[in-house]
1. Once phi is turned into θ = phi - 60°, what whole-Hz ³J(HN,Hα) does the Karplus curve with 6.51, -1.76 and 1.60 give for every residue of segment 14-21, x standing for Gly and Pro?
2. Based on the mean of other beta carbon atoms within 10 Å per residue, what is the order of 122-132, 49-59, most packed first?
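What follows draws every value from the coordinates through simple rules; no lab data is involved. Keep in mind the model is a prediction, meaning the values are calculated, not measured. No Cβ is skipped: glycine too gets one built from the backbone with ideal geometry, and neighbour counts run over all protein chains shown.
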Amino acid sequence: MRAALDQAAQAYESGEVPVGCVIVQGRRIVGRGYNRVEALGEATGHAEMVAISAASATIGDWRLEGTTAYVTLEPCFMCAGALLLARVDRVVYGAREPKFGALGSRTDLATVEGLNHRYEVVGGVLAEEAGTMMKEFFKSLRRDARVVESGGLENRCGGNSTEGSNPSLSASLDDPGPDEADSL
Ligand SMILES: [Zn+2]
């Protein structure tokens with residue numbers, strides 16, 4: 001998870017929402033990724049998606065059997081689904097994501113019946129560090145927004161809100177509900 005937090009820090013430095021992911025097989029990191037939605041200009045540029053691609057290239061197989069994915073934030077619907085399709089054995093995540101989190105918060109794809117693959121899920125690992133980085137990021141966005149007053153933020157963040165690229169995430173992390181108080 002430390003390595004995943006390092007990836008998240010790289011996203012932060014690139015002006016991206018700080019989420020990082022590493023995929024480990026045995027004791028070897030086979031894939032790394034950090035959020036690159038802005039850099040790629042694609043909604044699918046999440047840390048997990050980048051790490052899955054990297055791990056598939058390293059292993060030489062789209063089936064990432066025998067691997068564990070470490071993610072700093074609870075995976076969204078897309079990423080939790082992609083991790084199922086990639087057949088990872090285990091998903092370990094940090095902070096919870098109340099709006100889009102698909103491994104326990106908004107829904108739980110790990111418990112859907114009838115799939116041909118399941119993974120084990122462990123949440124809340126180094127959650128405070130991951131959550132703090134996220135809060136700092138959105139705080140700095142708002143600071144920047146005050147400096148420029150208006151405009152620019154939408155372009156930078158790709159969102160339609162002055163709160164940032166992921167308004168719901170921003171709002172939810174700013175105002176964690178009782179469930180999130182522990183993990184954030
Ligand atoms: Zn995602």
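1. 8, x, 9, 3, x, 10, x, 8
2. Details: 122-132: 17.5, 49-59: 20.2.
Ranked from most to least packed, the peptides come out as 49-59, 122-132.
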